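All remarks here apply to the structure that follows.
Rule-based calculations on the coordinates, nothing more; no lab input. Given the structure is predicted, the values throughout are model-derived calculations rather than measurements. Quick reminder, even Gly has a Cβ in these numbers, built from the backbone with ideal geometry, and neighbours come from all protein chains shown.
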Amino acid sequence: MKKKFRTALVQMKSSVNKEQNLAYSLELINEAAKNKARLICFPEFQMAYSPPEQKPEALHKIAEKISGNFVSTLSYSAKQHKINVIATIYEIINTNKQNHKVFDTAIIINDLGKLKSVYRKVHLYDALGFKESKKLVAGSIIERPTRTSVGNLGLLICYDMRFPEISRILTVNGANILASPSAWVAGFMKQEHWEIMVKARAIENGVYVIAPNQVGNIYCGHSMVIDPFGSTLVDMGNREGIEIIDIDSSRIDTIRRTLPLLMNRRTDVYKNYIDVFRSDL
């Protein structure tokens with residue numbers, strides 16, 4: 001694992017055209033590689049923008065299996081450019097039993113072009129006037145962090161950021177970088193929530209958080225990379241494209257020594273309450 005490496009943060013405005021989005025993704029991978037990036041992170045809904053009024057049947061026609069052309073093409077590009085890729089797709093598994101609903105899936109492709117992790121969004125955005133469960137199926141597994149040439153990567157997706165349990169689970173299982181492909185909807189206080197929670201997940205876990213976001217359409221932009229002490233390394237505002245950031249993984253150990261939050265946890269106390277936490281609030 002390289003202690004210092006470059007990552008490319010992608011902020012994009014996905015169109016409803018899957019082929020157009022794939023072509024743009026390949027351009028960005030090429031640009032990232034030219035800038036010597038070892039990792040590129042795409043936002044949620046990279047495959048296509050799904051307007052609120054779009055029917056599940058229409059989204060299903062866009063979706064693919066993991067073995068489909070979208071992932072295969074990205075894998076070939078990752079191998080060609082020797083770069084790790086975090087990407088997202090609408091995934092089909094068993095259409096007959098899901099009423100045309102699909103998974104919101106993030107994947108990790110390593111720099112050899114091998115698919116290393118498949119994470120299906122656990123928390124669907126059924127809040128603040130939205131109901132993703134009308135089109136999407138919730139996942140039920142938190143994937144273990146994936147060892148890559150740039151570090152141990154833990155995946156979550158967008159609304160998952162509001163639930164600190166998933167970030168902590170990934171961290172205590174070895175993640176030193178949390179990647180959260182997102183399509184954070186704009187609205188009252190939404191950007192503030194986004195910025196606060198991305199920083200909080202980095203600070204409380206002593207990890208880097210890479211949070212690529214959609215921009216335009218109904219989304220707020222402001223893709224960010226936060227270091228383990230909560231410093232903002234980049235905030236892309238409303239600019240579409242990529243930003244190249246240098247990451248020093250040795251900073252994780254330094255911060256965890258001086259602010260030993262993980263070491264100071266009282267799991268001996270917490271375990272007494274795990275089974276009595278209310279779920280009906």
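Tell me the net charge near residue 76. Cut-off is 14 Å between Cβ atoms, residue 76 excluded, with +1 for each Lys or Arg and -1 for each Asp or Glu. Around residue 76, the charge tally is +2. Close amide H contacts of residue 234 (hydrogens built in the peptide plane, cut-off under 5 Å, sequence separation of 5 or more or a different chain): 225. When the alpha-carbon atoms of the range 97-234 are used, the pair Rg, Dmax equals 14.7, 45 angstrom. Per-residue packing, averaged as other Cβ atoms within 10 Å, sorts the ranges 116-125, 102-111 into the order 102-111, 116-125, beginning with the highest.
Taking amide H as placed 1.01 Å from N in the peptide plane, the amide H of residue 123 sits under 5 Å from that of 160, each at least 5 places away or on another chain. Comparing 210, 89, 252 in a Gaussian network model of the chain where C-alpha atoms under 10 Å apart are linked, the largest mean-square fluctuation is found at 252.
The 3J(HN,Hα) values that the Karplus relation (6.51, -1.76, 1.60; θ = phi - 60°) gives for the range 111-124 are, in residue order, 6, 9, x, 8, 6, 10, 8, 10, 10, 9, 3, 7, 9, 7 Hz. Gly and Pro appear as x. Counted by Cβ distance under 15 Å from residue 61, the other residues give a net charge of +1, where Lys and Arg count +1 and Asp and Glu count -1. Quick one: grab the alpha carbon gyration tensor of the range 178-246, order the square roots of its eigenvalues as a ≥ b ≥ c, and give me rounded if a/c is under 1.5, else prolate or oblate depending on whether a/b is larger than b/c. Here the range 178-246 falls in the oblate category. Peptides 198-205, 263-270, 78-85, 8-15 ranked from most to least packed give 8-15, 198-205, 78-85, 263-270, packing being the mean of other C-beta atoms within 10 angstrom over each peptide's residues.
Close amide-amide hydrogen proximity is noted between residue 113 and 79, each under 5 Å apart and 5 or more residues distant or on a separate chain (H modeled in the peptide plane; Pro and chain starts excluded). DSSP bridge analysis restricted to the chain gives an antiparallel fraction near 65%, rounded to the nearest 5. The local environment of residue 226, defined by Cβ-Cβ distances under 11 Å, has a net charge of -1 under the rule Lys, Arg +1 and Asp, Glu -1.
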